[in-house]
1. Let me check something: with ligands and nucleic acids excluded, how do SER501, SER179 order by accessible area (1.4 Å probe), largest to smallest?
2. Could you state how much accessible area LYS95 has, in square angstrom rounded to the nearest 10, with a 1.4 Å probe and all protein chains kept in place?
3. Take the cross-link list LYS336/LYS435; LYS244/LYS296; LYS95/LYS499; LYS281/LYS450 and give me the ones stretching past 26 Å between alpha-carbons.
4. Suppose every K and R has +1 on its Cβ and every D and E has -1 on its Cβ; what is the size of the dipole of segment 18-100 about the Cα centre, in Debye to the nearest 20?
5. Calculate the dipole size of segment 285-347 relative to its Cα centre from +1 charges on Lys and Arg beta carbons and -1 charges on Asp and Glu beta carbons; express the result in debye to the nearest 20.
6. Which Cα, out of LEU60, PHE102, THR85, lies furthest along the positive dipole direction of segment 47-122 (beta carbon charges, K/R +1, D/E -1)?
7. Once amide H atoms are placed 1.01 Å from N in the peptide plane, what residues at a sequence separation of 5 or more from ASP58, or on another chain, have their amide H within under 5 Å of its amide H?
8. Between rounded, prolate and oblate, where does segment 406-500 land on the alpha carbon gyration tensor, with a ≥ b ≥ c its root eigenvalues, rounded for a/c under 1.5, else prolate if a/b exceeds b/c?
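The values are calculated or read from the model by the stated rules, or taken from the named source; none is laboratory data. Values in this document were obtained by computation on a predicted structure and should not be read as measured data. Using ideal geometry, Cβ is built from the backbone for each residue, glycine included, and neighbour counts are taken over all protein chains shown. We work out accessible area using only protein heavy atoms, side chains counted, and drop any ligands, DNA or RNA first. Shrake-Rupley method; radii C 1.70, N 1.55, O 1.52, S 1.80 Å.
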Amino acid sequence: MKRFALLASAALIGLSALPALAQSPSTLRIGLQEDPDVLDPHKARTFVGRIVFKGLCDKLLDITPELKIIPRLATEWSFSADGLTLTMKLRSDAKFHDGEAFDAAAAKANLERAMTLPDSLRKSELASIESINVVDPTTIALKLKRPDATLLAQLTDRAGMMLSPKSLGADIGAKPVCSGPYQFVERVQNDRIVLDRFKGHWEAANYHFDRVIYRAIPDTTVRLANLRAGELDMLERLAPTDVKSAQGDKTLKVASMPNLGYQGITINTNHGDAANQPMGKDKRVRQALSLSIDRKVLSQVVFEGLYAPIIQPFPPTSTFVDAKLPVPERDVAKAKALLKEAGQSKVSVELFVTNNPVDAQLGQVIQAMAQEAGIDIQIRSTEFASQLRDQQQGKFQMSRIGWSGRIDPDGNIHQFVTTKGNQNDGRYSNAEVDKLLDEARTIYDVVERKKRYDAAQKILQDELPIVYLYNQTVFFALRSNIEGFVINPDGMIRLSGLKRS
């Protein structure tokens, strides 16, 4: 407790040193669990980065709390009868932060960059697009290689975010120029990102704070202490262990909703030298790891029983969950037998975790459970951006990582397990999985799509390139005088309508 108090004091002192404007009533201060990665929507991959992008970058489409796709920069859209052309009408009153007008040519430039940039993580999301035609200044036509049931959902997120074409240089991620309601001011790595209200935004009247400051505070106790002290106005991912306490605090209010994604362990099966170890090379060892983990106990011990145990990439309420794949009971004896079958009496493997208290505890519980089955886990901890960088480069054996989820099932599975998937960090490859998930993208009928996902999951549950653990309920905590917050299953903080009473 003394350590936490010292950390909280240090965090509060650091925040009070910010400029006076940062403390003004027209400034909204948001606590983030990690520091975002690069602020380039075509290269970015972090959950917290998406939260910042909500204020910084407008996109073609968005979603409602009921998961309905709604207009943003695109005002209407339609598919051709053969499903091979998506025509979108665009706003005529949107501007970028550099004063340039948003139009069809700008939309084309952004989508083409997302599709062709060598290190773009949006390539697989937009892989169905053959070409983009500017019909007129407010109309674009996307010509597709094949029907794509996922495309509209992709355009509700980073693939649909728009940067000023004149700003698309090498340093765009350091000084992004978007068209959102707030414009970039500064970034201090591992500390804060500052945005100011963009008065030229087409919806400026709905945004009531002049400045938004996003603070990276990985320690959940310190983040909550800052909120209680009034140094933050809200925070994302309140720790489950703090929920009851925050709910009982009259100066705060708590909102929550199960998110659309998953949390689990990504295993390096085929990416460089780090994959050349029993866990990466033998599915029986991975099966043993999965069976050694009691997901229900994991939720109870680390998350107060507030997170649902899962073994699939889809949230428990999803239509695409396969009822034939229930969460298995822990079976240490079977796990040991699988190791023996694999010619291993004991396996040693490294697990990458983020350096926050929750992930540290999670890693320790998994470590203790696996130990009983003969799997010796060494925990490697670092800050989140370094974890992601090493993971992308194949410098990991196992990584405790998650995904915030998408409204279309494809967004939770395709890019992580297909051979050319842009976020397949372990380089898992199975031709049949590729075939099934590629087919699922082209099918609009839910029943037929689900058949492909079920078949792919049967293979993935056997080979386990990702060991799924739980679905995360996202808890937000706010000062009681912050009004207008609307919670959404994607876990994003939408700034529209937020105000201080």
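1. Values: SER501 90, SER179 0 Å².
Ranked list, largest accessible area first: SER501, SER179.
2. Here the accessible area works out near 100 Å².
3. Numbers: LYS336/LYS435 33 Å; LYS244/LYS296 20 Å; LYS95/LYS499 24 Å; LYS281/LYS450 29 Å.
Listed pairs above 26 Å: LYS336/LYS435; LYS281/LYS450.
4. The calculation lands at about 140 debye.
5. Computed about the Cα centre, the dipole is about 260 debye.
6. Going by the Cα projections, it comes out as LEU60.
7. Answer set, sorted by chain and number: MET162, SER179, GLY180.
8. Prolate, because a/c is 1.5 or more and a/b exceeds b/c.
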